[in-house]
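The values are calculated or read from the model by the stated rules, or taken from the named source; none is laboratory data. Keep in mind it's a predicted model, so treat the numbers as computed, not measured. Cβ sites come from the backbone with ideal geometry, for glycine too, and all protein chains shown count toward neighbours. Keep in mind that these areas ignore ligands, DNA and RNA; they rest on the heavy atoms of the full protein, side chains included. Shrake-Rupley method; radii C 1.70, N 1.55, O 1.52, S 1.80 Å.
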Amino acid sequence: MKKYLLSAGLVLAMAASFAFNTTDEHLKGYISDSHCAANKTDMGSMADRIQCVNKCIKGGAAAVLVVGDKVYKIANQKAVLKYAGKNVIVDGSVTGDTIEVTKVTKD
């Protein structure tokens, strides 16, 4: 019985620590794709970037948020797909390098 209680307490403590590691953020950057962002590909003009990002996402790459040198994974992909390649302001909860988007506005 003591082992069960100890295990349950440990699980609750871990869950609480994960819950408190999220922060609400207001980030300004652009929506890219995981392939080009990882390779730091220069896509040229805004029109070229939009076309490239849409092509890569349709090809299976995940949408990501690029803010300066930082790349955030996006937990809820559908929230940002219409902004692919565009400059945006994103509100959401950040956990590590992943953001759960709550609001997107075009910058």
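Some observations on this one:
- Paramagnetic reach from residue 78 in segment 23-41 [backbone N under 15 Å; point 7 Å along Cα→Cβ]: none
- Note on residue 70 and residue 25: the extension gain reaches 14.8 nm, defined as 0.36 nm multiplied by sequence separation minus the Cα-Cα distance.
- For segment 18-96, accessible area per residue (1.4 Å probe, heavy atoms of protein chains only), Å²: 59 Å²
- Amide H contacts for residue 86 (H built 1.01 Å from N in the peptide plane; partners 5 or more residues away or on another chain; cut-off under 5 Å): 31.
- Spherically averaged projected area in nm², based on the convex hull that wraps the Cα atoms of segment 23-107: 4.8 nm²
- Potential lengthening between residue 106 and residue 89 on full extension [0.36 nm per residue; Cα-Cα distance subtracted]: 5.5 nm
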